[in-house]
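Here is the structure we will look at, set down as structure tokens.
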């Protein structure tokens, strides 16, 4: 799972940087919220989760980490697609995509929180 998270994070990094470059070149900053969310929830969050799983391999055992990955990925793609359509078409009918994707992302974050708190036991110095 750690490789899957890290590889997906790098893909989102490429997409986020490309979107940022496109906005800068065209001067059209309508998709700034999409750009920011792709970079934070796609690149940064998925990379950190991948590194967490790489450093603590026992966290990625079983089916729950796979479910967490797919909820995060599908939720982010759905939310960003809906947000991009909402912003470019100025049509609130795409709000259901944003809400559904957000719910999936929240579920993924809660699942990660469960995995970390239930499975991770580390000694802190001091």
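Read the figures in this text as sums done on the coordinates, not as results from a lab. Since we're looking at a predicted model, the values are computed, not measured. As a convention, Cβ positions derive from the backbone with ideal geometry for all residues, glycine included, and neighbour counts pool all protein chains shown.
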Expressed in angstrom and rounded, the centroid-to-centroid distance over alpha carbons for segment 1-56 and segment 94-125 is 17 Å
For segment 2-119, shape from the Cα gyration tensor axes a ≥ b ≥ c, cut at a/c of 1.5 then a/b versus b/c, turns out oblate
In degrees, nearest 10, the alpha-carbon axis of helix 95-119 is tilted away from the dominant principal axis of the alpha carbons of the chain by 20 degrees
For the chain, longest principal axis from Cα atoms; helix 64-89 axis from its Cα atoms; angle between them, nearest 10 degrees, is 10 degrees
For the chain, longest principal axis from Cα atoms; helix 2-26 axis from its Cα atoms; angle between them, nearest 10 degrees, is 20 degrees
With label points set 7 Å from each Cα along the Cα-to-Cβ direction at residue 29 and residue 88, the distance between them in nm comes to 2.0 nm
So, with points 7 Å from each Cα along the Cβ direction, the residue 67-residue 36 label distance in nm works out to 3.2 nm
Dividing the helical contributions, -39500 (n - 2.57) per DSSP H run of n ≥ 4, by the residues of the chain yields a 222 nm value, nearest 500 deg cm²/dmol, of -25000 deg cm²/dmol
